[in-house]
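Notes to accompany the following structure.
The values are calculated or read from the model by the stated rules, or taken from the named source; none is laboratory data. Every value quoted in this text rests on a predicted model; they were computed, and no experiment measured them. FYI the Cβ positions are ideal-geometry reconstructions off the backbone, even for glycines, and counts take in every protein chain you see. Remember, those area values only see protein heavy atoms, side chains included, never the ligands or the DNA or RNA. Shrake-Rupley method; radii C 1.70, N 1.55, O 1.52, S 1.80 Å.
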Amino acid sequence: MRKTLGWLLSLVVLIGTMGAAGTTAQAATAAQPAAATDIKDQILGIPGMSLIEEKPYPGYRFFVLNYEQPVDHRQPWKGTFKQRLTLLHKDVSRPSVFFTSGYNVSTSPRRSEPTTIVDGNQVSLEYRFFTPSRPDPANWSNLDIWQAASDQHRLFTALKKIYKKNWLATGASKGGMTATYYERFYPRDMDGVVAYVAPNDVVNNEDSAYDRFFAKVGTKECRDKLNAVQREALVRREPLEAKYAVAAAENGWTFTTVGDLDKAYEAVVLDYVWAFWQYSLLADCASIPAAATASDQAIWDSIDAISGFSAYADQGLETYTPYYYQAGTQLGSPDIKLPHLKGLSRYGYQPPRNFVPRDIPMTFQPGVMADVDKWVRDNAHQMLFVYGQNDPWGAEPFRLGYGVRDSYVMIAPGANHGANVAKLMDGEKALATAKILQWAGVAPAAALADAGKAAPLAAPDAQLDQRDLEREPQLRP
């Protein structure tokens, strides 16, 4: 556009030197560029794109959209479905960030950390098979990491014609995994990847890393306190399950998928220690009751606040059926030994199969995660992995081999599943920020010369920058 305008202005000057004043005025008027097409019209000009709604937000345009995608990218003639996405539009002259949570998309304006750092646009895509982005009828064999990466690739290809500057992929937890898988299958699309707290379960039935994690995380005092409450919840199974039955009746919870209330109860209790470290901090141990003297209500309240008794009811599982399906077919799921629950646990960590309706077939595909892991170790280029020191999901992280280029793994001290660049130690925080700016093509000269001078380009915004931390269900082996 700049070249076109320059040519037109030169033409105006040339005509002005050759003609009369009136002719010059007419030529200048004719040379004025037509009004630029509104960004909404440009987006809706993409074949298959439709508007759900536009929501106002100062300094941005925010759109909730549907994009028509093939159910099977290998056989696109076999039908399509509408995949929901949002677009936080800043300016086409800014870089863009491709965000996914790996779950449902938030329809409220939000800005991921890389988007704030680069002061860019953000495209957020709902993961396929999460309602309403589910084909009808649903052939669950089309829910895999390659199909999801192909969703991203196809949308990126369409949007790149409008947003021509650099692109970064990002996400946290399953979203970080998703960004990594996208890079593995379409390494030429993005200019950089920022993957937060992304689990990497390479060998599904080898999970000793989690046992080592839980043996040393936090302090012994805190670990013992949490283990005691978890154990006491199983010692008092009868009175607490009676409370659970009352709560289920009051809330309309049913347990058809998991099997019965007893299995659901134990699954919630076994989540307790894991969920504490995933979402809480060491300082929060002060709020954990002393198991030996705690009332039934105190034990119940602590388990409910941290694990959530609705999690394994049919109503709680339904939203996450695609998550459990992938855990039981490709992603894998962690297992840990629970010696303090010996003689009390009836089921142990239940497999993902127990959390998916039986009419949905599932077969685990060994080797899928090993393929991604090897690719990252050998081929990572401009990728940043950020983990929290006290996050259980970081027990099996992505690692980088000797052949990678300009890629990093960083750990935020004392952080949980909400770890991000801002929580890194100062030196790593500066380096990570500088690299994100550089990959996005917007690093100021000062930051290029000295990473210590790198800082987010966008001003903080309490509403936009809040993180909707997905309270993910625990993946079971």
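The residues listed here are 138, 158, 198; of these, the one that is farther than 16 Å from residue 125 by Cα and more than 14 Å from the chain's Cα centre (by Cα) is 138. Against the criterion of being aliphatic (A, V, I, L, M), at pLDDT 95 or above and outside any helix (DSSP H, G or I), residue 198 qualifies.
Working only within region 36-66, note down all residues that are assigned to a helix (DSSP H, G or I) and free of Cβ contacts under 8 Å to residues at least 12 places away in the same chain. Write out each step before concluding.
From region 36-66, those assigned to a helix (DSSP H, G or I) are 39-44; that's our starting set.
Selection gives 41, 44.
For residues that are open to solvent by 30 Å² or more (accessible area, probe 1.4 Å) and in contact with a helix residue (DSSP H, G or I) (Cβ under 9 Å, 6 or more places away or on another chain), scanning just region 118-138, find the one that is farthest from residue 107 (Cα to Cα). Per the criteria, the residue is 134. Every test in (1) modelled with pLDDT of 95 or more; (2) within 21 Å of the chain's Cα centre (by Cα); (3) buried (at least 16 other Cβ atoms within 10 Å of the Cβ); (4) in a loop (DSSP other than H, G, I, E, B) is passed by residue 334 save one, and that test is (1). What do you reckon, is residue 401 open to solvent by 50 Å² or more (accessible area, probe 1.4 Å), more than 17 Å from the chain's Cα centre (by Cα) and modelled with pLDDT of 95 or more? No. When the residues of region 346-356 are filtered to those that are open to solvent by less than 40 Å² (accessible area, probe 1.4 Å) and outside any helix (DSSP H, G or I), which remaining residue is nearest to residue 144 (Cα to Cα)? That would be 356.
Taken together, the residues in region 357-398 that are open to solvent by less than 50 Å² (accessible area, probe 1.4 Å) and not small (Gly, Ala, Ser) amount to 22.
Hey, among 276, 213, which residue is open to solvent by 10 Å² or more (accessible area, probe 1.4 Å), modelled with pLDDT of 95 or more and not basic (Lys, Arg)?
Numbers: 276 fails: open to solvent by 10 Å² or more (accessible area, probe 1.4 Å).
Answer to the selection: 213.
Taken together, 373, 378 contain a single residue that is in a helix (DSSP H, G or I), in contact (Cβ under 8 Å) with a residue 24 or more places away in the chain, touching a Gly at 6+ places or on another chain (Cβ under 6 Å) and within 30 Å of residue 441 (Cα to Cα), which is 378.
Taken over region 428-445, the criterion of being among the small types (Gly, Ala, Ser), free of Cβ contacts under 8 Å to residues at least 24 places away in the same chain and out of contact with any Asp or Glu (no Cβ under 9 Å at 6 or more places or on another chain) is satisfied by 443, 445. Scanning region 237-273 for residues that are buried (at least 17 other Cβ atoms within 10 Å of the Cβ) and not in a helix (DSSP H, G or I) yields 253, 255, 257, 258. Filter region 79-115 for residues that are open to solvent by 20 Å² or more (accessible area, probe 1.4 Å), β-branched (Val, Ile, Thr) and either within 19 Å of residue 197 (Cα to Cα) or not in a loop (DSSP other than H, G, I, E, B) (or both) and give the result. 80 - this is the single residue of region 79-115 that is open to solvent by 20 Å² or more (accessible area, probe 1.4 Å), β-branched (Val, Ile, Thr) and either within 19 Å of residue 197 (Cα to Cα) or not in a loop (DSSP other than H, G, I, E, B) (or both).
If I go through region 150-172 residue by residue, how many of them are open to solvent by less than 10 Å² (accessible area, probe 1.4 Å) and either in a strand (DSSP E or B) or touching a Gly at 6+ places or on another chain (Cβ under 7 Å) (or both)? Give the derivation first.
Going residue by residue through region 150-172, those that are open to solvent by less than 10 Å² (accessible area, probe 1.4 Å) are 150-152, 155, 159, 163, 167-171.
Checking the rest, the ones that are also either in a strand (DSSP E or B) or touching a Gly at 6+ places or on another chain (Cβ under 7 Å) (or both) come to 167-171.
Of the residues in region 150-172, 5 are open to solvent by less than 10 Å² (accessible area, probe 1.4 Å) and either in a strand (DSSP E or B) or touching a Gly at 6+ places or on another chain (Cβ under 7 Å) (or both).
Of all the residues in region 201-229, those that are touching a residue at least 60 places away in the same chain (Cβ under 8 Å) and either outside any loop (DSSP other than H, G, I, E, B) or over 30 Å from residue 266 (Cα atoms) (or both) number 13.
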